[in-house]
Amino acid sequence: MSLSALAYVGIRSDDLGEWADYATNLLGMQMVDRSKKTLSLRMDDRKQRFIIHDDPGGGLKLMGWEVASRADLETVCNKLEEAKVPYSQMTPTLCEERFVKEGIVLNDPAGNRVEIVLEPALADDGFVPGRSISGFVTGPLGLGHAVLTVPDMDETCRFYQEVLGFKLSDFVLSPFKAYFFHTNSRHHSLALIEMPKLGTHHLMMELYNLDDVGQGYDIALTKPERIGATLGRHSNDFMTSFYTFTPSKFMIEYGWGGKSINVDTWEPYEMKDGPSLWGHERAWLDEAGRERAREMRMNAAKNNVREPVYVTGDNYRVSEIDCLWWNTEARNR
Ligand SMILES: [Fe+2]
């Protein structure tokens with residue numbers, strides 16, 4: 001596998017002040033630098049994860065993907081040359097701005113700017129969250145996932161799989177068409193939704209503790225108009241999450257409990273139960289789409305679609321309850 005994780009993102013916004021408030025007070029990120037033109041945010045031991053650019057238009061301006069070694073970077077360059085995809089080396093100034101050792105810049109077939117980088121720098125001091133949270137699940141899994149809307153699904157899917165080496169996790173054809181890709185054991189680091197307009201659907205950030213998400217939901221609900229999807233649980237990565245609209249119009253999914261997969265044995269499949277097991281009432285879907293999504297959730301519930309929770313180490317207690325009925329029931333499942 002060539003790319004190892006989503007390292008950072010650049011975001012367009014004409015309101016850096018609103019972003020500073022949203023990122024620190026709701027998401028719990030740390031603001032590290034603010035100039036007239038950019039806002040730099042941390043979410044872990046890395047120097048920078050989000051760069052908010054004073055650019056109109058909203059949405060993602062760029063995605064920065066990391067590779068584990070120079071050999072992997074060379075493999076990516078060879079693949080791009082074979083596929084006749086133009087790319088350029090990052091200048092020393094750009095590497096300094098991104099806090100990386102080196103990297104390349106290119107566009108995907110839909111026109112999204114992609115940067116592929118080596119050795120993103122660690123900060124000298126610890127992460128100080130903007131509000132009290134236990135922290136984000138990042139490390140080898142990267143900052144989370146990015147979901148883009150593309151008008152031409154086939155060409156873009158082919159590029160990410162055949163040229164950049166992403167692997168298909170699964171896909172859904174109703175109530176919308178979406179493909180989910182992994183590049184590490186996070187169920188998906190990238191997803192594409194077919195829509196007429198090129199854009200950014202959402203970014204996902206995963207928290208260590210379910211209460212971080214619930215407490216964030218309470219904060220989000222103080223301005224209900226910014227809820228993009230209510231609290232719910234996804235049927236593919238099992239993430240319990242809610243969505244809010246960012247000041248850049250796309251959404252951030254704020255979640256807990258994402259499934260990890262074995263990348264060597266994983267087999268992709270079509271999800272037939274819809275995108276969510278429960279909840280996730282989507283403000284961004286039209287009424288017909290919402291109705292279809294609701295119907296699929298009701299059917300999933302009727303059909304006994306229930307999944308175990310995925311919990312990080314030191315973040316759970318196994319119940320002392322020893323119930324014969326449940327033990328038999330669990331075994332039968
Ligand atoms: Fe998501």
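Among the residues making up the range 25-49, those that are closer than 16 Å to ARG98 by Cβ, surrounded by 19 or more Cβ atoms within 10 Å (Cβ to Cβ) and hydrophobic (A, V, I, L, M, F, W, C) are LEU39, LEU41, MET43. Residues in the range 181-210 that are in contact with a helix residue (DSSP H, G or I) (Cβ under 7 Å, 6 or more places away or on another chain) and either at pLDDT below 95 or within 15 Å of the ligand (Cβ to nearest atom) (or both): PHE181, ARG186, LEU190, LEU192, GLU194, MET205, LEU207. Each residue in the range 50-109 was checked for being surrounded by 12 or more Cβ atoms within 10 Å (Cβ to Cβ), hydroxyl-bearing (Ser, Thr, Tyr) and under 30 Å from LYS37 (Cα atoms), and 1 of them qualify.
Are any of the residues in the range 123-146 exposed (fewer than 13 other Cβ atoms within 10 Å of the Cβ) and touching a strand residue (DSSP E or B) at 6+ places or on another chain (Cβ under 6 Å)? Taking every residue of the range 123-146 in turn, at least one turns out to be exposed (fewer than 13 other Cβ atoms within 10 Å of the Cβ) and touching a strand residue (DSSP E or B) at 6+ places or on another chain (Cβ under 6 Å). Restricting TYR269, TYR316 to residues that are modelled with pLDDT under 90 and either away from the ligand (no atom under 14 Å from the Cβ) or exposed (fewer than 13 other Cβ atoms within 10 Å of the Cβ) (or both) narrows the list to TYR316.
Pull up the range 240-266, narrow it to residues that are among the small types (Gly, Ala, Ser) and in contact with a strand residue (DSSP E or B) (Cβ under 6 Å, 6 or more places away or on another chain), then point me to the one that is farthest from the ligand (Cβ to nearest atom).
Step one: of the range 240-266, the residues among the small types (Gly, Ala, Ser) are 241, 248, 255, 257-258, 260.
After this cut, where a residue has to be in contact with a strand residue (DSSP E or B) (Cβ under 6 Å, 6 or more places away or on another chain) as well, the list is 241, 248, 255, 257-258.
Values: SER241: 7, SER248: 16, GLY255: 7, GLY257: 13, GLY258: 9 Å.
Looking at the filtered set, the residue picked out is SER248.
In the range 10-23, the count of residues that are surrounded by fewer than 19 Cβ atoms within 10 Å (Cβ to Cβ), farther than 22 Å from GLY126 by Cβ, among the hydroxyl-bearing types (Ser, Thr, Tyr) and modelled with pLDDT of 95 or more is zero. When GLY258, GLY216, GLY289, GLY274 are checked against the criterion of being within 13 Å of the chain's Cα centre (by Cα) and either free of Cβ contacts under 8 Å to residues at least 12 places away in the same chain or not in a strand (DSSP E or B) (or both), GLY258 stands alone in meeting it. On the stretch given as the range 254-266, residues that are of a type in the set (Val, Ile, Thr) and surrounded by fewer than 16 Cβ atoms within 10 Å (Cβ to Cβ) total 2.
Of the residues ASP170, ASP237, the single one that is assigned to a loop (DSSP other than H, G, I, E, B), charged (D, E, K, R) and within 14 Å of the ligand (Cβ to nearest atom) is ASP237. For first residues located in the range 14-27 and under 17 Å from THR244 (Cα atoms), partners that are exposed (fewer than 15 other Cβ atoms within 10 Å of the Cβ) and of a type in the set (Lys, Arg) and lie 6+ apart or on another chain with Cβ distances below 8 Å form the pairs THR24/ARG131; ASN25/ARG131; LEU26/ARG131.
State all residues of the range 71-117 that are among the hydrophobic types (A, V, I, L, M, F, W, C) and in a helix (DSSP H, G or I); if no residue qualifies, say none.
Just the residues of the range 71-117 that are among the hydrophobic types (A, V, I, L, M, F, W, C), to begin with: 71, 73, 76-77, 80, 83, 85, 90, 94-95, 99-100, 104-106, 110, 114, 116-117.
Within the range 71-117, ALA71, LEU73, VAL76, CYS77, LEU80, LEU94, CYS95 qualify.
The values are calculated or read from the model by the stated rules, or taken from the named source; none is laboratory data. Computed from a prediction, not measured in an experiment: that's the story for all the values here. Ideal geometry is used to build each Cβ from the backbone, glycine not excepted, and the neighbour counts take in all protein chains shown.
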